[in-house]
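Participant: The structure's right below; bear with me while I get my questions together.
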């Protein structure tokens, strides 16, 4: 018999009550206790990380790892953290500590035995065609449910880029008459196309709009501040590299008196992913070997990958391929969903919690997830149905503003016949950097550090620096 204990943070309890049950992420409780076993259940996006610690005499279920658990660091997985900004699969940077994947369930018997199984997966075998009307109806229901429940004294904050994902949020704010309780903010380089689009969208929707310029001095002043040390201490509990992209803008908003405890931030994560933005990277994948190379090319941002890390990555892909009897394009997306989307992108909401803010991820809401999971790929390629549907909505307020198209050129289509999938993906990412200097969606382009190649290297350097700060801080606690 093992002791099974639950240790959840105050933040977790608040979020469970105010966000998940009210706004649609969880259809069932996270913990279910039966006579002989306990069920520990995550949601479809892992919007809150859930961990289980397996010790000789006990199993601990928690949402944060701290020094009181006396767990040791695993050097192999620290290397993995340096490569990906997170660890793959159920493994974490700590020995004997494991994480639930999105859609995964942990069943723990009172004897101490346990098993993991998946009860929900992105991409349904039965893919069908759907209409813009169906998607629009779901979007309205999601936001109607949210606006019926938000507390009357709380402001709504919209990180508004030039893209479609954040624009649909701003549209719904206007559509439901909440523009006087909301404001939009944008950050990056002041002359960027995305900034101008964001400003124009906010103006046409009657939203107050704030711009935060990112430059090296502004970034450095924050990184070398006491606040940033507290931020690193806060993030140690999650075992991932902090997602710093909007952190600096939140600091500016706080310093300018625009953030209040309990206000709600609504980011646009990750409508483009659900809608099919990754399919363009899967066109030439025709074998398990080419699938592995394509995933490697897309997800590893450094030129040299350690042998052990590469082996673990390939094993993780084999595991997904074995567990889900689906096509290679589906496996590519499932990997992205269970790894980068859930552990890094969705996990960026920790930034809001650091400032004692609430958050809502409408484009990860379960009904929308279900809709795209079963949508035929012909309507997801280049986000076809998604863009058609949103353009129909955006014309109402004249916000169907076009941005630069970074789509595949004919010359690159010809090139694809002669180079490997991972090199195509790497080239596409570099091209996006070069074409979209200043594009807020491009992480490198939000920093104005001179020439674009310097901006790219500087951003990678900053992320690497922050990862090492996190690791060094954890080591001091061992």
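The values are calculated or read from the model by the stated rules, or taken from the named source; none is laboratory data. Remember, predicted model here, so these are calculated numbers, not experimental data. All Cβ positions, glycine included, derive from the backbone under ideal geometry; neighbour counts span all protein chains shown.
Participant: Can you say whether residue 374 is touching a strand residue (DSSP E or B) at 6+ places or on another chain (Cβ under 9 Å), touching a residue at least 24 places away in the same chain (Cβ under 8 Å), assigned by TED's automatic domain parsing to the domain that holds residue 228 and within 28 Å of residue 133 (Cβ to Cβ), as far as the supplied structure shows? Break it down into steps so the answer makes sense when it comes.
Facilitator: On the way: touching a strand residue (DSSP E or B) at 6+ places or on another chain (Cβ under 9 Å): yes; touching a residue at least 24 places away in the same chain (Cβ under 8 Å): yes; assigned by TED's automatic domain parsing to the domain that holds residue 228: yes; within 28 Å of residue 133 (Cβ to Cβ): yes.
Here the answer is yes, as residue 374 does meet what is asked.
Participant: Taking into account only those residues within the range 71-93 that are in contact with a strand residue (DSSP E or B) (Cβ under 6 Å, 6 or more places away or on another chain) and within 18 Å of residue 61 (Cβ to Cβ), which is modelled with the lowest pLDDT?
Facilitator: 71
Participant: Is it the case that some residue within the range 397-408 is at pLDDT 90 or above and in a helix (DSSP H, G or I)? Don't jump to the end; show me each part of the working.
Facilitator: Here is the first cut: in the range 397-408, the residues at pLDDT 90 or above are 397-399.
Keeping just the survivors that are in a helix (DSSP H, G or I) gives 397.
There is at least one residue in the range 397-408 that is at pLDDT 90 or above and in a helix (DSSP H, G or I).
Participant: Here's a follow-up. Among the residues of the range 224-249, what is the count of those that are in contact with a helix residue (DSSP H, G or I) (Cβ under 8 Å, 6 or more places away or on another chain), in contact (Cβ under 8 Å) with a residue 12 or more places away in the chain and under 24 Å from residue 84 (Cβ atoms)?
Facilitator: 17
Participant: Looking at (1) free of Cβ contacts under 8 Å to residues at least 40 places away in the same chain; (2) under 23 Å from the mean Cα position of the chain (by Cα), which one does residue 199 not meet, given that it meets all the others?
Facilitator: (2)
Participant: Does residue 380 qualify as being touching a residue at least 40 places away in the same chain (Cβ under 8 Å) and under 17 Å from residue 267 (Cβ atoms)? Outline the logic, then answer.
Facilitator: Working: touching a residue at least 40 places away in the same chain (Cβ under 8 Å): yes; under 17 Å from residue 267 (Cβ atoms): no.
No.
Participant: Identify all residues within the range 61-72 that are surrounded by fewer than 19 Cβ atoms within 10 Å (Cβ to Cβ) and either within 11 Å of residue 96 (Cα to Cα) or out of contact with any helix residue (DSSP H, G or I) (no Cβ under 7 Å at 6 or more places or on another chain) (or both); write none if there are none.
Facilitator: 68, 69, 70, 72 - these are the residues of the range 61-72 that are surrounded by fewer than 19 Cβ atoms within 10 Å (Cβ to Cβ) and either within 11 Å of residue 96 (Cα to Cα) or out of contact with any helix residue (DSSP H, G or I) (no Cβ under 7 Å at 6 or more places or on another chain) (or both).
Participant: Is there a residue being surrounded by 15 or more Cβ atoms within 10 Å (Cβ to Cβ), within 18 Å of the chain's Cα centre (by Cα), within 30 Å of residue 223 (Cα to Cα) and modelled with pLDDT under 95 anywhere in the range 300-309?
Facilitator: Checked against the condition, which is being surrounded by 15 or more Cβ atoms within 10 Å (Cβ to Cβ), within 18 Å of the chain's Cα centre (by Cα), within 30 Å of residue 223 (Cα to Cα) and modelled with pLDDT under 95, the range 300-309 yields at least one hit.
Participant: Oh, and also: Out of (1) modelled with pLDDT of 80 or more; (2) surrounded by 16 or more Cβ atoms within 10 Å (Cβ to Cβ), the odd one out for residue 110 is which?
Facilitator: (2)
Participant: Filter the range 315-369 down to residues that are part of a helix (DSSP H, G or I) and either closer than 19 Å to residue 285 by Cβ or free of Cβ contacts under 8 Å to residues at least 12 places away in the same chain (or both), then give me how many there are. Steps first, please.
Facilitator: First pass over the range 315-369, keeping only residues part of a helix (DSSP H, G or I): 315-323, 328-354, 362-364, 366-369.
Retained after the next criterion (residues that are either closer than 19 Å to residue 285 by Cβ or free of Cβ contacts under 8 Å to residues at least 12 places away in the same chain (or both)): 315-323, 328-341.
Residues that pass the stated criteria total 23.
Participant: With respect to the numbered conditions (1) within 21 Å of the chain's Cα centre (by Cα); (2) assigned to a loop (DSSP other than H, G, I, E, B), which one is the sole condition not fulfilled by residue 105?
Facilitator: Every listed condition holds for residue 105 apart from (2).
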